[in-house]
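Beneath this line is the structure, given in structure tokens, with notes to follow.
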Amino acid sequence: MAKSEESERDNMPRTCAACNEPLEEGTGTCTACGNAPKRAVRKNGVLAFVVAIPLLFLNPPIGVILAIVGLFVLLGSWFVSPMGQVAGSNSRS
């Protein structure tokens with residue numbers, strides 16, 4: 001990506017993926033609509049991990065796999081942002 005494209009993208013206002021309202025820098029939740037994808041991803045990770053606990057006794061291979069998936073989802077929730085993709089950010093010239 002060219003330097004001019006990077007600086008142009010950095011100067012564009014960040015918007016919420018759900019409602020397209022402008023986001024404050026470094027925020028995890030949209031103040032307009034309450035979009036909080038980190039919270040939703042964490043809930044899914046916890047759910048997978050909680051379901052995995054009884055499966056560890058009933059069907060150990062599936063329980064272990066589900067527990068690992070739940071942990072990866074929990075760790076991956078740190079990288080989720082309420083921002084949508086900036087238009088043209090994936091385009092290459």
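The values are calculated or read from the model by the stated rules, or taken from the named source; none is laboratory data. Note that the structure is a prediction, hence the values are computed from the model and not measured. Note: accessible area is taken over every heavy atom of the protein model, side chains too, but ligands, DNA and RNA are not part of it. Shrake-Rupley method; radii C 1.70, N 1.55, O 1.52, S 1.80 Å.
So that you can scan it fast, the table gives a plain yes or no per residue for (1) open to solvent by less than 50 Å² (accessible area, probe 1.4 Å); (2) modelled with pLDDT of 90 or more; (3) acidic (Asp, Glu):
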residue: ALA18; (1), (2), (3): no, no, no
residue: LEU56; (1), (2), (3): no, yes, no
residue: GLY70; (1), (2), (3): yes, yes, no
residue: VAL80; (1), (2), (3): yes, no, no
residue: GLN85; (1), (2), (3): no, no, no
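Step by step: first the residues of segment 30-43, then only those that are open to solvent by less than 90 Å² (accessible area, probe 1.4 Å) and more than 18 Å from LEU75 (Cα to Cα), then the one that is farthest from the chain's Cα centre (by Cα). Which residue is that?
Step one: of segment 30-43, the residues open to solvent by less than 90 Å² (accessible area, probe 1.4 Å) are 30, 32-38, 40-41.
Of the ones still in play, those that are also more than 18 Å from LEU75 (Cα to Cα) are 30, 32-35.
Values: CYS30: 14, ALA32: 19, CYS33: 17, GLY34: 15, ASN35: 11 Å.
Here the residue is ALA32.
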